[in-house]
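First up is the structure itself, then whatever we jot down about it.
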Ligand code: UTP
């Protein structure tokens, strides 16, 4: 059987034969590309996926017994759960000094809300310096190398849509001084996008199947199939610090967090998470919960309002642990997720506007309302596969300044404000006077380079400005 015939029969079995509707009208190279694209899809799995997620709309089953997850408070002396932070810092330090920690950024998203041309990691995020996000992370890893005396290799997951633009960007910046050999780039997989009404796979062009990156949970398969896990094994990397690309304040090498992950009595050292206390019940953060003895994230849209609004006698939210997508994962745990089908992550469905071609007429469709379904996997679903897992509180100003939207909440502007607030706090703790407005907010814009300090204790006297004028923009 020729490739065309065998593809036709696989498509027919999957109910997707319309994908070849324009095949005969394409030039030979486009025909080959279309066949290659179709044959790379897991067509045999498509009918079940369509039934489960596209033509049916799965309703999230919220288990009846949902409890809030326990967590290690940011303040180790908090009476609710005191712990020996120095001991965990030492354990995390030891992992870093032994070269057992790698960094991993998921940078395959489409960043559609920000509306920035190009990979989001190239976005100029520094409050004063306008440094790109990738550079801010790179400087953290350079500083960690100096501080802990070992390279922290960096694994960067792109998507087929932004892979070349990402690697070109790093090359143009000479890999930010990290050394090409200490970086590994690999694209995540894609899923076909489906027609909402019929469950048929959409065509983006007569010769191109519409696809979308398979979610940050696609990292599991991509880390394995790219050889990144093998690379970690060769280097002796045992734990991976997982970050998203959009948060310039994330601490990639946080010794206390690494130490809790590796050594806390209630941690299996498989996967651990950071949280911030939710500010209000409707805040759009997934919530760490305890379900059937496991820590899980319940998406904000799936947590019943009655639970989201519940408060403890002291007024704090009962379901307070907001997920900010900062994790540590053990390399061996990722390997298990990737290779044992019992640990496959589930899919999540999102309805989207997907420009496409009508397979009957060839007419281009620019939908005004969602016409498509995209299926994605989420990394936090791996928590349910852990034997046990710990959650560590961090402080919003210290570590959460995401850039998601072009304006308003979680925008470049709000991020710059939080970066300034953190820098003001750090400088203030070293005796620097920061001008403030009547509301108490810094009356200036500040940024501390990771090369200057990874935490306040790193701020040497030379780094401290003598005066900060009102309205100043100052990077140290
Ligand atoms: P978001 O949920 O913010 O999605 O991703 P996004 O695609 O970047 O942005 P919007 O929704 O289109 O505006 C959170 C993190 O997960 C990564 C993103 O790059 C970001 O670091 N991600 C998301 C992937 O790596 N792959 C994906 O398929 C989706």
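Rounded if a/c is under 1.5, else prolate if a/b beats b/c, else oblate: with a ≥ b ≥ c from the C-alpha gyration tensor eigenvalues square-rooted, which is region 393-476?
Taking the square roots of the gyration eigenvalues as a ≥ b ≥ c, region 393-476 is oblate.
Simple spin-label model, 7 Å along Cα-to-Cβ: residue 65 to residue 455 in nm?
3.7 nm
To test your reading of the geometry: what angle, between 0 and 90 degrees and rounded to tens, separates the Cα axis of helix 28-39 from the longest principal axis of the chain?
70 degrees
Taking a ≥ b ≥ c as the square roots of the Cα gyration tensor eigenvalues, with a/c under 1.5 meaning rounded and otherwise prolate when a/b beats b/c, else oblate, which class fits region 11-103? Mind dumping the intermediate values first?
Values: a/c = 5.84, a/b = 2.08, b/c = 2.80.
The shape class here is oblate.
Classify region 332-476 from the C-alpha gyration tensor, please: rounded if a/c falls under 1.5, else prolate or oblate depending on whether a/b exceeds b/c.
oblate
Neighbour counts of other C-beta atoms within 10 Å: give me 55, 361, 452 arranged from fewest to most.
If I rank by nearby Cβ atoms, fewest first, I get 361, 55, 452.
If you take the beta carbon distance between residue 48 and residue 21 as r and set R0 to 22 Å, what does 1/(1 + (r/R0)^6) give as a FRET efficiency, to the nearest 0.05?
Result of the calculation: an efficiency of 0.40.
Among 130-140, 84-94, 393-403, how do they line up from the highest to the lowest mean number of other beta-carbon atoms within 10 Å?
The peptides rank, most packed first, as 130-140, 393-403, 84-94.
Arrange 238, 309 by Cβ neighbour counts within 10 Å, fewest through most, would you?
309, 238
Considering only DSSP beta bridges whose two residues both sit in the chain, what percent are antiparallel, to the nearest 5?
If we restrict to bridges inside the chain, about 65 percent are antiparallel.
Calculate the spin-label point distance for residue 77 paired with residue 5, positioning each point 7 Å from the Cα along the beta-carbon direction, and give it in nanometres.
Result for the modelled spin labels: 8.0 nm.
At 25 °C and a viscosity of 0.890 mPa s, what translational diffusion coefficient does Stokes-Einstein give for the chain, taking Rh as the Kirkwood radius over Cα pairs? Give it in µm²/s as a whole number. Could you put the intermediate results ahead of the total?
On the way: Rh = 24.0 Å.
The calculation lands on 102 µm²/s.
Just round it to a whole percent: the fraction of Cα-Cα distances in region 170-281 exceeding 19 Å. Intermediate results must be reported in sequence, preceding the final value.
Working: 4173 of 6216 pairs.
Looking at region 170-281, the distances longer than 19 Å represent 67 percent of pairs.
Can you tell me the orientation of helix 163-172 relative to the chain, as the angle in degrees between its alpha-carbon axis and the longest Cα principal axis, to the nearest 10?
Approximately 40 degrees, to the nearest 10.
Give me the distance in nm between label points sitting 7 Å out from Cα along the Cα-to-Cβ direction at residue 182 and residue 429, one decimal.
Rounded to a tenth, the inter-label distance reads 2.5 nm.
Add -39500 (n - 2.57) for each DSSP H run of 4 or more in the chain, then divide by its residues: what number comes out at 222 nm, to the nearest 500 deg cm²/dmol?
-7500 deg cm²/dmol
The numbers here are math on the coordinates, done by the rules we state, and not lab data. Small disclaimer: the values here were computed from a predicted structure and weren't measured. Neighbour counts run over all protein chains shown; Cβ positions are idealised from the backbone, glycine included.
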